[in-house]
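Heads up, the thing below is written out as structure tokens.
The values are calculated or read from the model by the stated rules, or taken from the named source; none is laboratory data. This structure is a prediction, so every number in the text was calculated from the model and none was measured. In this analysis, Cβ positions are derived from the backbone assuming ideal geometry, glycine residues included, and neighbour counts consider all displayed protein chains.
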Amino acid sequence: NAGVTQTPKFQVLKTGQSMTLQCAQDMNHNSMYWYRQDPGMGLRLIYYSASEGTTDKGEVPNGYNVSRLNKREFSLRLESAAPSQTSVYFCASSGGRVRVYQPQHFGDGTRLSIL
Amino acid sequence: AQSVAQPEDQVNVAEGNPLTVKCTYSVSGNPYLFWYVQYPNRGLQFLLKYITGDNLVKGSYGFEAEFNKSQTSFHLKKPSALVSDSALYFCAVRDGAGANNLFFGTGTRLTVIP
């Protein structure tokens, strides 16, 4: 009964380092999403994947890349981390082919600090 | 462009009293509206949604929300608050015309006082 699993839960990086955040879902959902949560700003969409093999930019894609490895897994990569990317990152998934009425299911987040 | 406003950063209510968490929205098409709750160090959990139909929507944990098209509002309500309802609440909207993005409000922290 795992739902959406994110790894790691915490990470500290130095400016300029690279890192990949992992996300996997076991609900057979087609759509997956990456958000960042910053104090006072709610959640903002970074990238999403409507289905296996497709990815699209969200509201704040700069500085990030994504890979939809298969139907279960959707990773987020920071190629050269910057302090402005310090945030809590959430992965989510939803059923259907980006059906607007399907709620999203969230992982518990990755807390990333960049020094 | 879509947007969501949660005008209150913090709402305090006594246990057993009714609670309301406010949300207003702006979309270009028909609104699809959601409420999520976030407990400390956890991801967001879905509470309820409005797609079409009855303006009063019932969801998880005794919560309900009232859709008001003329006021472009979707306020979250509960008749009797519990201490365990203390959490961060997010309103979200999707454009019914087919946009893929889910826009979240900035969140309202609800504290239920014993």
- Quick one: what pairs do we get from the stretch A:76-96, first residue among the acidic types (Asp, Glu), second modelled with pLDDT of 95 or more, C-beta under 8 Å, 6+ apart or different chains? A:GLU79/A:SER18; A:GLU79/A:GLY63; A:GLU79/A:ASN65
- Message: With the requirement that a residue be within 11 Å of another protein chain (Cβ to nearest Cβ), within 12 Å of the chain's Cα centre (by Cα) and charged (D, E, K, R), what does the stretch A:64-110 give you?
- Response: A:ASP108
- Given (1) away from chain A (no Cβ under 14 Å); (2) part of a strand (DSSP E or B), index of the condition B:SER80 fails: (2)
- Kindly indicate whether any position in the stretch A:21-33 is free of Cβ contacts under 8 Å to residues at least 60 places away in the same chain, among the charged types (D, E, K, R), more than 23 Å from B:LYS49 (Cβ to Cβ) and touching a strand residue (DSSP E or B) at 6+ places or on another chain (Cβ under 9 Å). no
- Within the stretch A:35-47, which residues are at positive phi and in a strand (DSSP E or B)? A:GLY42
- Query: For the subset of the stretch A:48-68 comprising residues that are in a strand (DSSP E or B) and of a type outside the set (Phe, Trp, Tyr), which member is surrounded by the most Cβ atoms within 10 Å (Cβ to Cβ)?
  - Reply: A:VAL66
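Looking only at the stretch B:11-46, count every residue that is of a type in the set (Gly, Ala, Ser) and modelled with pLDDT of 95 or more and tell me the total.
Residues flagged as of a type in the set (Gly, Ala, Ser) and modelled with pLDDT of 95 or more within the stretch B:11-46 amount to 2.
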- Elements of type strands (runs of 3 or more DSSP E) contained in the stretch B:1-60, each with 2 or more residues being of a type in the set (Phe, Trp, Tyr) and under 10 Å from the mean Cα position of the chain (by Cα): B:31-38
- Message: Can you tell me which condition B:ASN68 does not meet? The list is (1) in contact (Cβ under 8 Å) with a residue 40 or more places away in the chain; (2) over 11 Å from the mean Cα position of the chain (by Cα), and all the others hold.
- Response: (1)
- Query: Among the listed residues B:SER60, B:SER73, which satisfies the condition of being surrounded by 11 or more Cβ atoms within 10 Å (Cβ to Cβ) and either among the basic types (Lys, Arg) or within 12 Å of another protein chain (Cβ to nearest Cβ) (or both)?
  - Reply: B:SER60
